[in-house]
1. Of the conditions (1) at pLDDT 90 or above; (2) surrounded by fewer than 21 Cβ atoms within 10 Å (Cβ to Cβ); (3) of a type in the set (A, V, I, L, M), residue 169 fails just one. Which one is it?
2. With respect to residue 106, is the statement that it is aliphatic (A, V, I, L, M), in a strand (DSSP E or B), touching a residue at least 60 places away in the same chain (Cβ under 8 Å) and closer than 23 Å to residue 204 by Cα true?
3. Kindly establish whether residue 52 is surrounded by fewer than 17 Cβ atoms within 10 Å (Cβ to Cβ) and over 30 Å from the mean Cα position of the chain (by Cα).
4. What are the pairs with Cβ atoms under 8 angstrom where one residue, in the stretch 187-200, is on the phi < 0 side of the Ramachandran plot and the other, located anywhere, is assigned to a helix (DSSP H, G or I) and of a type in the set (A, V, I, L, M, F, W, C)? Sequence gap at least six, or different chains.
5. What number of residues in the stretch 58-75 are assigned to a loop (DSSP other than H, G, I, E, B) and closer than 19 Å to residue 151 by Cα?
6. Any idea how many residues of the stretch 43-57 are hydrophobic (A, V, I, L, M, F, W, C), in contact with a strand residue (DSSP E or B) (Cβ under 8 Å, 6 or more places away or on another chain) and in a loop (DSSP other than H, G, I, E, B)?
Amino acid sequence: MKAMQKNDRCYSTLNGGNNPFNFDGAPRTELSVEMARSAVDFEIQKKPCFDAGGRLVNGLFHLTKDDDNSIVPSAGVGIKFKPIQHRDVFDKVMEEIIPQFPDMTLETAGTLYGGGIGLFTFRVGDLFHVKGDKSPNEMRLFISNPCTGSGSLVMGFTTVRLFCQNQIAAARRGAAKDGYRIQHSKNGEMYMGDAVREIGIQVAAAKEIKLRSERLASLGVGKAALEKCLDLIYPFGKLEEGSAGHTRMLKLREEVVNQFESGATAQTMEGKTGWTLFNSFTYPVFNPERLNEKTDLANIQYDSMMWSKAEKVRRMLTAVESVVAA
């Protein structure tokens, strides 16, 4: 892998593609905390820059590793740049997130680009998989920390499996979109701590949704429950027949009915359950994303739980629960 350099050290349990993240080439199924931390147990330091004549260049620095004094490939950095150390990021996550969520498994840890980029991934167990649901669900906490003078520390979730450099870039884009970007500055470490705490809250919310979803998945439903939920979630109310609002509401209801009757919701469970009923309602929320067969279903589910559409979807979930559990 071109991103790896001779003084990089990276370990991973992702064993496809000639073990690109295992610097020693050894496939492994487990990654210990001790081994992971050893890969990032150094400090990146700022050193003054000098011109070709040996004169000091004021306000410009280069970066080195303190364990072997090697130069970290980077652009020149300014006086405001303060490296967020890879090991500090790793320690913070291990101290504040993992003890709360033992089903999160350490998957990748180490550096790329001569120690300039720290990379960590944690598999989030079956947190996004509802028992009996045949849909593919895979999610991981992704952390990329470029100490190179350009780019921010990114912490967030991704559904991308990391087997090559392009997939790292794709995972970084996805995590940055809905996660946290933290600049390398004097306040960077403080913001990093805030992000770690927020991620912990998000994972706890996902656990709650999983429990509620599995309760729904255990309860069979029929057309009567569908009609009641339609009136709760998409009521006509005082909308005048033929008005734009009435027409839009009618279309939403029709889409839900079509999904429920066809069984073509993103969640592919056998039979009609409270879970498939709920997902029949979320389908219009995510149109046209779910019309694209390449869309990752776990990412949609994650978005519904925690981001822009979360409040609407949570109201739907509560409404379906009130009918199905009655």
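The values are calculated or read from the model by the stated rules, or taken from the named source; none is laboratory data. Just so it is clear, the structure is predicted and the values come from calculations on it, not from any experiment. Because the Cβ atoms are built from the backbone with ideal geometry, glycine has one as well, and the counts that use them run over all protein chains shown.
1. Single failed check for residue 169: (1).
2. On the way: aliphatic (A, V, I, L, M): yes; in a strand (DSSP E or B): yes; touching a residue at least 60 places away in the same chain (Cβ under 8 Å): yes; closer than 23 Å to residue 204 by Cα: yes.
In short, yes.
3. Values: surrounded by fewer than 17 Cβ atoms within 10 Å (Cβ to Cβ): yes; over 30 Å from the mean Cα position of the chain (by Cα): yes.
The answer is yes for residue 52.
4. The qualifying pairs are 192/89; 196/93.
5. Taking the stretch 58-75 as the starting set, the residues that turn out to be assigned to a loop (DSSP other than H, G, I, E, B) are 66-70, 72-75.
Next cut, closer than 19 Å to residue 151 by Cα only: 72-75.
The number of residues fulfilling the criteria is 4.
6. The first filter runs over the stretch 43-57 and keeps only residues hydrophobic (A, V, I, L, M, F, W, C), leaving 44, 49-50, 52, 56-57.
From the residues that got through so far, the ones that are in contact with a strand residue (DSSP E or B) (Cβ under 8 Å, 6 or more places away or on another chain) too are 44, 49-50, 56-57.
If we keep only those that are in a loop (DSSP other than H, G, I, E, B) as well, we get none.
Result for the stretch 43-57: 0.
One line per residue, one yes/no per condition, for (1) in contact with a Cys (Cβ under 9 Å, 6 or more places away or on another chain); (2) outside the structural domain of residue 144 (by TED's automatic domain parsing); (3) of a type outside the set (Val, Ile, Thr):
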{"site": "26", "(1), (2), (3)": "no, no, yes"}
{"site": "32", "(1), (2), (3)": "no, no, yes"}
{"site": "38", "(1), (2), (3)": "no, no, yes"}
{"site": "44", "(1), (2), (3)": "yes, no, no"}
{"site": "54", "(1), (2), (3)": "no, no, yes"}
{"site": "70", "(1), (2), (3)": "no, no, yes"}
{"site": "76", "(1), (2), (3)": "yes, no, yes"}
{"site": "85", "(1), (2), (3)": "yes, no, yes"}
{"site": "96", "(1), (2), (3)": "no, no, yes"}
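Residue-by-condition table, conditions (1) more than 17 Å from residue 321 (Cα to Cα); (2) in contact with an Asp or Glu (Cβ under 7 Å, 6 or more places away or on another chain); (3) loosely packed, with under 14 Cβ neighbours inside 10 Å; (4) among the polar types (S, T, N, Q):
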| residue | (1), (2), (3), (4) |
| --- | --- |
| 173 | yes, no, yes, no |
| 182 | yes, no, no, no |
| 195 | yes, no, no, no |
| 220 | no, no, yes, no |
| 229 | no, no, no, no |
| 257 | yes, no, no, no |
